[in-house]
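The values are calculated or read from the model by the stated rules, or taken from the named source; none is laboratory data. Small disclaimer: the values here were computed from a predicted structure and weren't measured. Here Cβ is always computed from backbone atoms with ideal geometry, including for glycine, and neighbour counts include all displayed protein chains. Just so you know, the surface numbers come from the protein's heavy atoms only, side chains and all, with ligands and any DNA or RNA stripped out. Shrake-Rupley method; radii C 1.70, N 1.55, O 1.52, S 1.80 Å.
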Amino acid sequence: MSENKPLIEARGLTRHFELGKGQNVHAVDNVSLTVGEREIVGLVGESGSGKSTFGKTLLGLHDKTAGEVLFRGEALPGSYRSADYQRLAGHMQMIFQDPYSSLNPRMTVGEIVAEGLRLHAGVSDGMARERVAEWLGRVGLQADHMSRYPHEFSGGQRQRIGIARALILEPDFVVCDEPISALDVSVQAQVINLLGELKESMGLTLLFIAHDLSMVRYVSDRMAVMYLGSLVEVGRADELYFNPKHPYTEVLIGSNPEPDPELERSRPSTAIQGEIPSPVNVPAGCRFANRCPKVMDVCKTVTPELIPLKNIEDATSKREVACHLYA
Ligand code: SF4
């Protein structure tokens, strides 16, 4: 649980995609997660684990199959197509993974960044230009960049443009969907630092989706680990990173290189064995059972619930784990 007042809460959020013939892709299954005011929660897991679908369903960009989403205690309508959702849309934004395809190549940077202002805030052209100039400065670009086109910028600069576009409306909640994975390693840290600074100066609340745990831990207050559409562990970022409890979190962290060489040498390294099961034929019991080095008989039939860990060394940790080892 977050220690801050809840800003956005998913309760049993589920998103399945129909394949026909009675088959469904279980992209997100019964996920409950709260993000508190001014908190950054890192949502991590391998690709295909349902992280992006969860983020989009949370924002109403995908219709949910079951469950609910509350924003400041108010239940959100099911889909972005509803008028109620449009009223809340300015409060919630998304920063996309790919800075190459997410910016319209035919629009100038000024038009791209000002688009949300025109749609949701109804500001005049003169005011929009002023705000765009201010925001380009805040993300480390220059005001005169507004008359240029996206192809004139590097990947890192384009992601800064995407950040300015998302934040110019001063949203309360932002889903960052793998915002650094398409960037060079040297640029990733700059974008992470920028988001961290903006979080401090604006009091932003972020859900930061990524598969690179070592980067995410630097900006996150808490981390949530997702596997095959379900959460397996939630806890404070550093505690979870250095003292993982769920066997999947352990191997996920062990298989992720740590950028700090000192830390990398001190960590045990493990590789994840086996294949992630198909989200169409989700196995009974624990979804990680076919890859888990600690699997027991009960794991193959009984699904473990995400519950607070009682016997953790630090009683204030508020760690939650879905694993029969801790039942
Ligand atoms: Fe491994 Fe069983 Fe825990 Fe699943 S419930 S992670 S199979 S020990």
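Of 199/245; 5/56; 245/294; 245/310, which sit over 19 Å apart, Cα to Cα? Write down the numbers at each step before the final one.
On the way: 199/245 29 Å; 5/56 22 Å; 245/294 12 Å; 245/310 12 Å.
Cα-Cα > 19 Å for 199/245; 5/56; rest within.
Calculate one ³J(HN,Hα) per residue across segment 107-119 by plugging θ = phi - 60° into the Karplus curve 6.51 cos²θ - 1.76 cosθ + 1.60, and present them in order as whole Hz with x for glycine and proline.
Once rounded to whole Hz, the list reads 9, 6, 4, x, 5, 5, 5, 7, 4, x, 4, 5, 6.
Accessible surface of residue 40 in the full protein assembly, 1.4 angstrom probe, to the nearest 10 Å²?
The value for residue 40 is about 0 Å².
May I ask which residue of 128, 140, 227 lies farthest towards the positive end of the charge dipole of segment 124-259, with charges of +1 (Lys, Arg) and -1 (Asp, Glu) on Cβ and the Cα centre as origin?
So the residue furthest toward the plus end is 128.
Keeping all protein chains in place, calculate the accessible area per residue for the chain (probe 1.4 angstrom), answer in Å². List each step's numbers first, then the result.
Working: 14990 Å² over 327 residues.
Here the per-residue accessible area is 46 Å².
Normalised by the residues of the chain, what does the relative contact order come to in percent, with Cα pairs under 8 Å and at least six apart? Mind dumping the intermediate values first?
Details: 624 pairs, mean separation 61.4, N = 327.
Reported as a whole number, the value is 19 percent.
Got a number for the accessible area of residue 31? Probe 1.4 Å, square angstrom, nearest 10.
That residue has around 0 Å² of solvent-accessible surface.
When DSSP assigns beta bridges and you keep just the ones with both residues in the chain, what percent turn out antiparallel, to the nearest 5? Kindly include the intermediate steps, with their values, before the conclusion.
Details: 27 of 45 bridges.
Here the share of antiparallel DSSP bridges comes out near 60 percent.
Step through the residues of segment 199-204 one at a time and calculate ³J(HN,Hα) from phi using the Karplus curve (6.51 cos²θ - 1.76 cosθ + 1.60, θ = phi - 60°), rounding each to whole Hz and writing x for Gly and Pro.
4, 5, 6, 9, x, 5
Top mean-square fluctuation among 238, 144, 29, Gaussian network model of the chain, C-alpha springs under 10 Å?
144
List the cysteines in the chain whose Cβ has no other cysteine Cβ under 4.7 Å from it.
176, 292, 323
Top mean-square fluctuation among 180, 307, 95, Gaussian network model of the chain, C-alpha springs under 10 Å?
With Cα springs under 10 Å in the chain, the top fluctuation among 180, 307, 95 is at 307.
So what are the ³J(HN,Hα) numbers for segment 235-250, from phi and the Karplus equation (6.51, -1.76, 1.60; θ = phi - 60°), rounded to whole Hz, Gly and Pro as x?
Once rounded to whole Hz, the list reads x, 5, 4, 5, 5, 5, 5, 8, 9, x, 10, 6, x, 5, 4, 4.
Treating the beta-carbon of each Lys and Arg as +1 and of each Asp and Glu as -1, no other charges, what is the dipole magnitude of the chain about its Cα centre, to the nearest 20 debye?
Numbers: 34 positive and 42 negative charges, 124 e Å.
So the dipole magnitude of the chain works out to roughly 600 debye.
Using protein chains only and a probe of 1.4 angstrom, how many square angstrom of residue 185 are accessible, to the nearest 10?
Accessible area of residue 185: about 110 Å².
Quick one: if you stick a label point 7 Å off each Cα along the C-beta vector at residue 242 and residue 100, how many nm between them?
3.8
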